[in-house]
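Written out below as structure tokens is the structure these notes cover.
The values are calculated or read from the model by the stated rules, or taken from the named source; none is laboratory data. Computed from a prediction, not measured in an experiment: that's the story for all the values here. Cβ placement follows ideal geometry from the backbone for every residue including glycine, while neighbour counts extend to all protein chains displayed. Surface areas here come from the heavy atoms of the whole protein model, side chains and all, with no ligands, DNA or RNA. Shrake-Rupley method; radii C 1.70, N 1.55, O 1.52, S 1.80 Å.
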Amino acid sequence: MPRSKRSKLVTLAQTDKKGKENKVRIFDEIRSALDTYKNTWVLKLDDVRTPVLQDIRQDWVGSKLILGKRKVLEKALGQTPEEEYKENLHKLTKFTHGVVGLLFTDENADTVKAYFNAYVKSDYSRANSKSPITFVIPEGIVYSRGGQISTEEDVPMSHSMEPTLRNKFKLPTKMINGKITLTESFKVCEKGQTLDVTQALILKTFGIACSDFKVELLAYHDGEDKEIVDFTKEE
């Protein structure tokens, strides 16, 4: 009688006690999810932030989303036909490069695709990303949105921010009548420019969330027909 794939011993790489315990925990969570849920999806999550993960986990409360180191994910799935936990599951490991998450669910493929195709999260631009807008802070009183909305709908920025604007961001500011004031207009960035750390922080300080984060579906393992569906071939 052939030995069950679930009974095979898998050795994780040697590391410190705390790191090893975390690897074992993630490994066990993946194996448990593979036993519990029918389908396994690989999601590309480059530059993912905590609010996005919270959104997805809340929306998919009946499913399981697991992130971890690539090698741990691959070990748990199985890297070869001999090691795989389910038939053809090892084929998912070619999609686990970069920052990825595994979504385990009983929902059908159309439901999963519809959700992630529609999911968009506004986010702040990060350093080394391209600026989607030209942002110039106008001369005069500094408002919280930096001139992106009308002054009637905005409020002056808190006076406590003046040292940060002047010393950290190098804006030409001074206090006049208790309000932060720019002595001349200040161009933060041009559209299409690669942002440095300071420019990205200024955009965030003025509440300009001008980037959209989307989750890319890479592939999934169908628990019924035991086949892999590759979405990267559709691009």
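If I filter region 87-96 down to residues being modelled with pLDDT of 95 or more and open to solvent by less than 30 Å² (accessible area, probe 1.4 Å), which single residue comes out as farthest from Ile26 (Cα to Cα)? Of everything passing the filter in region 87-96, Asn88 is farthest from Ile26 (Cα to Cα).
Out of everything in region 63-72 that is modelled with pLDDT of 95 or more and in contact with a Ser or Thr (Cβ under 8 Å, 6 or more places away or on another chain), what residue ends up being nearest to Ala109 (Cα to Cα)? The extreme case among them is Ser63.
Within region 65-84, how many residues turn out to be open to solvent by less than 20 Å² (accessible area, probe 1.4 Å) and either in a helix (DSSP H, G or I) or closer than 16 Å to Glu29 by Cβ (or both)?
Taking region 65-84 first, the residues open to solvent by less than 20 Å² (accessible area, probe 1.4 Å) are 65-66, 72-74, 76-78, 84.
This time we only want the ones that are either in a helix (DSSP H, G or I) or closer than 16 Å to Glu29 by Cβ (or both), so: 65-66, 72-74, 76-78.
Selection size over region 65-84: 8.
Filtered by the rule that a residue be surrounded by fewer than 14 Cβ atoms within 10 Å (Cβ to Cβ), farther than 15 Å from Ile66 by Cβ and of a type outside the set (Gly, Ala, Ser), region 97-124 gives His97, Asp106, Asn108, Asp110, Thr111, Asn117, Val120. Residues in region 47-64 that are without any contact (Cβ under 8 Å) to a residue 60 or more places away in the chain and surrounded by fewer than 18 Cβ atoms within 10 Å (Cβ to Cβ): Thr50, Leu53, Gln54, Arg57, Gln58, Asp59, Trp60, Val61, Gly62.
Of all the numbered requirements in (1) buried (at least 19 other Cβ atoms within 10 Å of the Cβ); (2) part of a strand (DSSP E or B), Ile202 misses one, and that requirement is (2).
Any idea how many residues of region 148-179 are part of a helix (DSSP H, G or I) and aliphatic (A, V, I, L, M)? Reasoning before the result, please.
Step one: of region 148-179, the residues part of a helix (DSSP H, G or I) are 159-168.
Among the residues that remain, those that are also aliphatic (A, V, I, L, M) are: 161, 165.
Residues meeting the conditions: 2.
Return yes when Thr183 is among the hydroxyl-bearing types (Ser, Thr, Tyr), under 29 Å from Val99 (Cβ atoms) and open to solvent by 30 Å² or more (accessible area, probe 1.4 Å) and no when it is not.
So Thr183 fails the test.
Hey, any hits in region 27-46 for a residue that's open to solvent by 20 Å² or more (accessible area, probe 1.4 Å) and closer than 24 Å to Asp212 by Cα? Within region 27-46, one or more residues are open to solvent by 20 Å² or more (accessible area, probe 1.4 Å) and closer than 24 Å to Asp212 by Cα.
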